[in-house]
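K.L.:
Dropping a structure here in structure tokens format, bear with me for questions.
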Amino acid sequence: MHTLDTLSFDNSYTQLPEHFFQRVKPTPLTDPYLISLNTEVAQWLDLDPCALKPDRLAEIFSGQASLPGADPIAMKYTGHQFGVYNPDLGDGRGVLLGEVINEAGERLDLHLKGAGKTPFSRFGDGRAVLRSSIREYLVSEAMHGLGIPTTRALCLVGSKQLAMRDGGMEPCATVLRVTPCHVRFGHFEYFYYSRRHDDLKILADYCLERYFSDCLEQDNPYLAMLQVIIRRTAKLVAQWQAYGFVHAVLNTDNMSLIGETFDYGPFSFMDTYKPDTISNQNDHKGRYAFSQQPAVVHWNLACLAQTLLTLVDKDALVKALDGYPALYEVAFLEQMRGRLGLAQAEEQDTQLVDDLLQLFTEQAVDMNRFFRRLAEFDGSEASLTKLMELLRNPAAINDWLLRYEHRLQREDQPAAQRAEQMNKINPEFVLRNYMAQEAIRTATDGDFTLVNDLLALLRKPMQPNKQFAYYAESPPDWAGAICLTCSS
Ligand code: AMP
Ligand code: MG
């Protein structure tokens, strides 16, 4: 076990050529205080949570003190934002403090988000506000609990310092993000569009070595790497679609090379299933609407593939990209079969799933509540009523349910076992916008209880919890009026 002073840093990204990044120290925030420590992430880093002092965490992760062994940098990357290439991006408010190797041999990046200005800040103040920091902190743990690949966070630090945002002055905060990978699609785009093909090869070799070492044995490791990225990313999007998650800002600089959900902004879990849900008020054309996610991620993968043109034959790149829709479809069907408790695969399952999604759409169903109740459905009147309560027109479920019951008859798995399996993957709790909103409101008033309670609750989202049972119910009316924007 380590303390913050003895973490074993081994910073490999700073060994890359100097123009891959800029060395920059965090700018201290005033009057910092610890809001929350994620003890599981602490243990992942081999930190003994009991030995971590709140004041020391606040001091270090507000930038007031430096972390021994860290070598902070702002990474350079570019990317396509809403379909338009922006050459001026890079870590504008986050710094990569360094890389820690844990006892399991994993190399983990520590990235301090909200650390102050960097050479890539452009017009920004380098800060992250408490509101968006709480959202990222909680949702990353919620996604992890759901089994959806994601970055995580060690801690959340608040401050009395204020920053100007759309709605006025807001308190600043930092999140210490932990993940093996901060390389984005946009890192590759930077070198491709600035025609630095030698550097692009250096970056690709670095990523192969660090993240895709299995590919090194392949005929063309770069192509093999792209194929793995496409497969992982297709599965990731399938999980988003299966759980009703809207990322909302799928710019290529928000796409992780290892297929994790990355850079949380105005995301949502849909309270009711609406394919055209746009979770970001600034996304006027709905480029990143829920239903668009699989296609727009395909487009993002094409941006990445294009950067490999000097390393991989064009036809091979195109072929790899052409494989994405089928990979996505297979992954999505697998997710939905799991949610429906189907252990065997049948060809007609696609239709069963499509019709269910149609029903969700027409009846404005809360999909996450639905699957939980479906597990309890045993043909009894009471269990049927529970399901019907989730529809505008209760009778609309009859046809589909009949087909589902017939389908279940062809399963070998006993009903009790099926229900148990379903409840292992269908959450009782997801981070609904209104829950995040309540945590933000109470934390802004200086009470961090709810942030910490939600962290614990969402870490085990399948586990019923009497104390917080109301979060498994339908959201309050005011939830519908919550308005999310890019402002963070
Ligand atoms: P995001 O919308 O958070 O994915 O950020 C897009 C780009 O803008 C990234 O390069 C960020 O580093 C940068 N950025 C976002 N907010 C700020 C800020 N407050 N100050 C400086 N740069 C920022
Ligand atoms: Mg971003």
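The values are calculated or read from the model by the stated rules, or taken from the named source; none is laboratory data. Not measured: the values here are computed from a predicted model. Here the Cβ positions follow ideal geometry from the backbone for every residue, glycine too, while neighbour counts run over all protein chains shown. The area values use the complete protein model at the heavy-atom level, side chains included, leaving out ligands, DNA and RNA. Shrake-Rupley method; radii C 1.70, N 1.55, O 1.52, S 1.80 Å.
K.L.:
Since L52 meets every condition but one in (1) in contact with a Ser or Thr (Cβ under 6 Å, 6 or more places away or on another chain); (2) of a type outside the set (K, R); (3) open to solvent by less than 20 Å² (accessible area, probe 1.4 Å), which condition does it not meet?
P.N.:
Going through the list (1) in contact with a Ser or Thr (Cβ under 6 Å, 6 or more places away or on another chain); (2) of a type outside the set (K, R); (3) open to solvent by less than 20 Å² (accessible area, probe 1.4 Å), L52 breaks only (1).
K.L.:
I need the full set of residues from the range 466-488 which are in a loop (DSSP other than H, G, I, E, B) and away from ligand 2 (no atom under 16 Å from the Cβ), in order please.
P.N.:
K466, Q467, F468, E473, S474, P475, P476, I482, C483, listed by residue number.
K.L.:
Let me ask something additional. Which is in contact with a Pro (Cβ under 6 Å, 6 or more places away or on another chain) and either surrounded by 16 or more Cβ atoms within 10 Å (Cβ to Cβ) or assigned to a loop (DSSP other than H, G, I, E, B) (or both), of L34, L7?
P.N.:
Just a single option satisfies the conditions, and that option is L34.
K.L.:
Hey, another quick one. Could you pull out the residue among G83, G69 that is modelled with pLDDT of 95 or more and within 16 Å of ligand 1 (Cβ to nearest atom)?
P.N.:
G83
K.L.:
If you check A436 against the conditions, is it within 23 Å of M367 (Cβ to Cβ), free of Cβ contacts under 8 Å to residues at least 60 places away in the same chain and small (G, A, S)?
P.N.:
no
K.L.:
From (1) without any contact (Cβ under 8 Å) to a residue 24 or more places away in the chain; (2) under 26 Å from the mean Cα position of the chain (by Cα), pick out the condition that doesn't hold for D366.
P.N.:
Tallying (1) without any contact (Cβ under 8 Å) to a residue 24 or more places away in the chain; (2) under 26 Å from the mean Cα position of the chain (by Cα), D366 fails exactly one: (1).
K.L.:
Can you name every residue in the range 266-297 that is away from ligand 1 (no atom under 15 Å from the Cβ), in a loop (DSSP other than H, G, I, E, B), under 26 Å from R339 (Cα atoms) and small (G, A, S)?
P.N.:
A289
K.L.:
Right, another one. Which residues, taken from the range 376-395, are under 16 Å from E428 (Cβ atoms) and in contact with an Asp or Glu (Cβ under 8 Å, 6 or more places away or on another chain)?
P.N.:
K386, L390
K.L.:
Quick check on the range 416-431: of everything there that is part of a helix (DSSP H, G or I) and under 12 Å from K460 (Cα atoms), which residue is most open to solvent (accessible area, probe 1.4 Å)?
P.N.:
Of everything passing the filter in the range 416-431, K424 is most open to solvent (accessible area, probe 1.4 Å).
K.L.:
Do you know which of the residues in the range 117-134 that are of a type outside the set (A, V, I, L, M, F, W, C) and surrounded by fewer than 24 Cβ atoms within 10 Å (Cβ to Cβ) is nearest to ligand 1 (Cβ to nearest atom)?
P.N.:
G124
K.L.:
Return a yes/no flag: does the range 392-400 have any residue that is touching a Lys or Arg at 6+ places or on another chain (Cβ under 6 Å) and either open to solvent by less than 30 Å² (accessible area, probe 1.4 Å) or at negative phi (or both).
P.N.:
no
K.L.:
Can L311 be described as in contact with a helix residue (DSSP H, G or I) (Cβ under 6 Å, 6 or more places away or on another chain) and either modelled with pLDDT under 95 or in a helix (DSSP H, G or I) (or both)?
P.N.:
So L311 does not fit the description; no.
K.L.:
Still on this structure, I have one more. If you scan the range 165-218, which residues turn out to be touching a strand residue (DSSP E or B) at 6+ places or on another chain (Cβ under 8 Å), within 30 Å of G446 (Cα to Cα) and surrounded by fewer than 18 Cβ atoms within 10 Å (Cβ to Cβ)?
P.N.:
Result: R165, M169.
K.L.:
Could we say that T310 is in contact with a His (Cβ under 6 Å, 6 or more places away or on another chain) and open to solvent by 10 Å² or more (accessible area, probe 1.4 Å) here?
P.N.:
yes
K.L.:
Another one. Determine, yes or no, whether E170 is among the charged types (D, E, K, R) and more than 17 Å from the chain's Cα centre (by Cα).
P.N.:
Yes: the conditions hold for E170.
K.L.:
Within the range 176-265, which helices (runs of 4 or more DSSP H) (wholly inside it) include 2 or more residues that are within 16 Å of ligand 1 (Cβ to nearest atom)?
P.N.:
Helices (runs of 4 or more DSSP H) meeting the threshold: 185-193.
K.L.:
Can you find a residue that is open to solvent by 70 Å² or more (accessible area, probe 1.4 Å) and of a type in the set (K, R) anywhere in the range 370-378?
P.N.:
no
K.L.:
Also, I was wondering about something else. All but one of (1) open to solvent by less than 10 Å² (accessible area, probe 1.4 Å); (2) more than 16 Å from ligand 2 (Cβ to nearest atom) hold for Y288; which doesn't?
P.N.:
With (1) open to solvent by less than 10 Å² (accessible area, probe 1.4 Å); (2) more than 16 Å from ligand 2 (Cβ to nearest atom) applied to Y288, the lone miss is (2).
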